[in-house]
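Here is the structure we will look at.
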Amino acid sequence: MQDLTPADALACDPQLAAAIRRAIDGKTKPLGALGRIEDLAARIAALKGTTEPSVETCELIIFAGDHGIAAQGVSAFPQAVTAQMALNFLAGGAAANVFARATGVDLKVVDTGIAEAIDHPDLIDRRMGPGTADSSQGPAMTPGTLAKAIAAGRALAEGSEAHALAFGEMGIANTASASLVIHKLSGLPLDLLTGRGTGLDDAGLTRKLAVLERAAARTGALTAEQALAEYGGFEIAMMAGAMIGAAGLRKVVLVDGFIATAAAMAARALEPGCEPAFVYCHRSAELGHRAALDHLGGQALLELDLRLGEGTGALLAWPLVKSAAAMLREMASFESAGVSGKL
Ligand SMILES: Cc1cc2ncn([C@H]3O[C@H](COP(=O)(O)O)[C@@H](O)[C@H]3O)c2cc1C
Ligand SMILES: O=C(O)c1cccnc1
């Protein structure tokens with residue numbers, strides 16, 4: 001990999017950190033009264049390198065791709081749903097479309113490798129192939145394809161004018177892929193990371209865990225590149241690249257649920273300097289998300305028992321992110337408003 005954000009490039013200098021804290025504490029409110037929105041505002045200001053950050057526009061990029069491991073019966077839904085849902089996104093009818101409209105976010109859909117190719121004028125074609133290979137049998141993709149997927153994701157993020165980028169995904173069986181990637185990157189046990197996804201019953205969950213344990217046993221300790229090539233999806237790899245690209249431009253990265261967290265963990269392993277750009281938007285009800293977030297030291301903004309993906313949790317958190325930045329930029333200080341301080 002070349003030309004990545006240098007480690008610590010996004011770190012905030014102590015003088016600016018102190019100025020941001022003073023600016024927040026000087027606003028017309030009791031000290032700390034905006035709670036975690038203050039912490040969020042401080043992080044955004046540090047990322048943007050100013051006490052008055054502008055974070056007013058957001059775009060959601062949904063990466064769709066299929067997974068060979070779906071053939072092992074690890075999802076409650078058939079693979080055809082990936083293509084069908086991609087068409088639903090393009091027609092504006094999915095949960096992500098509705099939330100994007102409600103929160104004023106532009107939405108793009110990328111084909112990273114849907115099994116059945118779709119012809120639609122608004123679909124962005126970054127096909128790496130007709131889905132990954134079955135990672136319970138061998139590597140999901142070659143190192144060359146992985147590099148192409150990461151580069152494509154970076155370029156997409158770098159081509160966006162939005163101040164913040166949210167990333168969503170669609171890919172039947174991608175909770176299986178995410179569990180394997182997180183397992184290899186974190187060392188957390190698979191049984192803590194393997195959930196019901198789209199709604200497997202008890203027998204289905206037992207089968208899924210057995211498939212994932214077999215798949216994981218094919219390999220030993222892996223680098224982040226190896227973990228993504230062995231077990232990733234095209235959409236997870238492209239999302240990881242997009243997260244690195246967005247962070248390199250100091251865009252706020254809105255990290256969605258379990259699958260997006262797998263991409264964030266990989267992005268952070270590939271480029272540790274990108275972490276300050278990440279806002280963990282919600283904690284998914286998918287088993288394993290809590291453990292993955294704890295491993296990353298990330299505290300999710302929302303806990304709504306969502307377990308959908310598509311970027312839905314990131315979209316719901318966007319008004320919080322936008323409001324936190326606006327607070328710093330627009331809210332009066334005790335001094336400017338002539339409000340008396342604490343007795
Ligand atoms: C109709 C429908 C819409 C979705 N939107 C997101 N997902 C979510 O479910 C899938 C992951 O779960 P699993 O690993 O169990 O297949 C992904 O496509 C994810 O985005 C959906 C799933 C379905 C069925
Ligand atoms: O949290 C997620 O990203 C998720 C959970 C279940 C199914 N699809 C996605």
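Every number here is computed from the coordinates shown, using simple stated rules; none is lab data. None of these values were measured; they are calculated from a predicted model. Here the Cβ positions follow ideal geometry from the backbone for every residue, glycine too, while neighbour counts run over all protein chains shown.
Numbers at a glance
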| item | result |
| --- | --- |
| In Å, descending, principal axis extents of the Cα set of the chain | 67, 42, 41 |
| Ala33-Ala76 pseudo-label distance in nm [points 7 Å out on the Cα-to-Cβ vector] | 4.5 |
| Rounded to 10°, Cα long-axis angle of helix 80-91 versus longest principal axis of the chain | 40 |
| Principal-axis tilt of helix 35-48 within the chain, Cα atoms, nearest 10 degrees | 80 |
| Selection of GluC sites (Glu not before Pro), the range 158-219, meeting DSSP coil and at most 12 other Cβ within 10 Å | Glu161 |
| Virtual paramagnetic centre 7 Å along Cα→Cβ of Ala217, amide N under 15 Å, in the range 170-204 | 190-191 |
| FRET efficiency for Val339 and Ala17, using Cβ-Cβ distance with R0 set to 41 Å, rounded to 0.05 | 0.95 |
| Within the chain, percent of DSSP bridges classed antiparallel, to nearest 5 | 5 |
| Sites Ala210 and Leu87, calculated FRET efficiency, Cβ-Cβ separation with R0 22 Å, nearest 0.05 | 0.10 |
| For the range 187-343, with +1 on Lys and Arg beta carbons and -1 on Asp and Glu, the positive-most of Gly199, Ala217, Pro319 along the dipole | Pro319 |
| In Hz, Karplus ³J(HN,Hα) per residue of the range 289-294 (6.51, -1.76, 1.60; θ = phi - 60°; x = Gly, Pro) | 5, 4, 4, 5, 5, 4 |
| Full-stretch length increase - Ala155, Ser323 - with 0.36 nm per residue and alpha-carbon distance subtracted | 57.7 nm |
| Debye, to nearest 20: dipole size of the chain, +1 on Lys, Arg Cβ, -1 on Asp, Glu Cβ | 640 |
| Furthest towards positive pole of dipole, Met243, Gln15, Ala285, structure part the chain, Cβ charges | Gln15 |
| Dipole of the chain, positive end: most advanced residue of Ile44, Ala227, Val110 [Cβ charges, Cα centre] | Ile44 |
| Long-range lysine pairs (8 or more apart or interchain), the range 58-322, Cα under 28 Å | 8 |
